[in-house]
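The block underneath contains the structure these notes are about, expressed in C-alpha cells.
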Amino acid sequence: MNLRQKIAIGALTGSLGMTGALVTWFEGRSLVAYADPVGIPTICDGITLGVSLGNVATPAQCDKLLERELSIALAAVDRQVRVPLPETRRAALGSFVYNIGESQFARSTLLRKLNAGNALGACAELSRWIYAGGKRLAGLVKRRAAERELCEVGL
C-alpha cells in the first residue's frame with residue numbers, strides 16, 4: 001500500500017485518520033527505543049516524551065501512545081489556528097505539529113500566514129522545515145512534501 005492509499009483510507013475517519021497515516025508512514029514503528037537522527041531517544045511511532053534508550057514497548061502500548069500524541073497534535077492545531085480548515089489541511093498540520101511540537105508551531109511564519117488568510121503561503125512554509133540539528137534530512141524533505149501536498153488540496 002502506498003502513502004496516497006493509506007491517506008485515502010485514513011480519510012474515512014477524518015483528519016485524525018489522515019494524520020495517523022502520514023505520521024505512521026514517515027515515523028515507522030520501533031518497539032525498542034533508539035536515538036533519532038539528532039540523538040533524541042525515540043520509541044514506537046516517533047514518541048520522544050519520557051523515552052530513554054533501552055525502553056521497550058508492546059504494539060498495544062505503541063497504539064495507545066500514538067492515539068494520545070495524535071490527539072495532542074490536532075488539539076494544538078485547533079488551539080492555534082484562527083481560520084476554518086478543511087480536514088486535509090488540518091491533517092497535514094497535525095502531522096507537522098506531531099513532528100515539531102506546539103511551541104515551534106505557535107511561533108512559526110507558517111501559522112502567522114495561515115491566520116492572516118494566506119493558506120497557500122502557509123502550506124508553502126512546510127517546505128522550509130526540513131532541518132533537524134542543523135542538518136537537512138532526506139526523510140523530512142519527503143515528509144514535508146507529502147504534508148504540503150495534503151495542505152494544498154483545494155487551493
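The values are calculated or read from the model by the stated rules, or taken from the named source; none is laboratory data. The structure displayed is predicted, hence computed values, not measured ones. Backbone-built Cβ (ideal geometry, glycine too); neighbour counts: all protein chains shown.
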Practice task
List the number of the failed condition for I100; all other conditions in (1) of a type in the set (V, I, T); (2) surrounded by 17 or more Cβ atoms within 10 Å (Cβ to Cβ); (3) closer than 25 Å to T48 by Cα; (4) within 13 Å of the chain's Cα centre (by Cα) hold.
Solution key: (2)
Handout entry: Residue tally, condition assigned to a helix (DSSP H, G or I) and surrounded by 14 or more Cβ atoms within 10 Å (Cβ to Cβ), over the range 116-126
Key = 7
Handout entry: Residue under evaluation R112, criteria (1) more than 13 Å from the chain's Cα centre (by Cα); (2) in a helix (DSSP H, G or I); (3) under 23 Å from T13 (Cβ atoms), criterion not met
Key = (3)
Practice task
Within the range 42-64, identify whether any single residue is in contact with a Gly (Cβ under 9 Å, 6 or more places away or on another chain) and in contact (Cβ under 8 Å) with a residue 60 or more places away in the chain, and answer yes or no.
Solution key: no
Handout entry: Residues of the range 22-39 satisfying the condition of being of a type in the set (V, I, T) and either in a helix (DSSP H, G or I) or closer than 15 Å to E87 by Cβ (or both)
Key = V23, T24
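Condition check ((1) of a type in the set (G, A, S); (2) closer than 29 Å to A116 by Cα; (3) in contact with a helix residue (DSSP H, G or I) (Cβ under 7 Å, 6 or more places away or on another chain)) across all residues:
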{"residue": "G28", "(1), (2), (3)": "yes, no, no"}
{"residue": "S52", "(1), (2), (3)": "yes, no, no"}
{"residue": "T58", "(1), (2), (3)": "no, no, no"}
{"residue": "L65", "(1), (2), (3)": "no, no, no"}
{"residue": "R68", "(1), (2), (3)": "no, no, no"}
{"residue": "V77", "(1), (2), (3)": "no, yes, yes"}
Exercise for the section: Go through (1) farther than 21 Å from S15 by Cβ; (2) buried (at least 17 other Cβ atoms within 10 Å of the Cβ); (3) among the aliphatic types (A, V, I, L, M) and name the single condition L137 misses. Expected result: (2)
Exercise for the section: For T88, work out the one condition from (1) hydroxyl-bearing (S, T, Y); (2) within 24 Å of R112 (Cα to Cα); (3) surrounded by fewer than 13 Cβ atoms within 10 Å (Cβ to Cβ) it doesn't fulfil. Expected result: (3)
Exercise for the section: Identify, from the list G94, G10, the residue that is modelled with pLDDT under 95, crowded, with 20+ Cβ neighbours inside 10 Å and either acidic (D, E) or part of a helix (DSSP H, G or I) (or both). Expected result: G10
Problem - Criterion (outside any helix (DSSP H, G or I), among the polar types (S, T, N, Q) and either surrounded by 20 or more Cβ atoms within 10 Å (Cβ to Cβ) or in contact with a Phe, Trp or Tyr (Cβ under 8 Å, 6 or more places away or on another chain) (or both)) met by exactly one of T19, T42 - result: T42
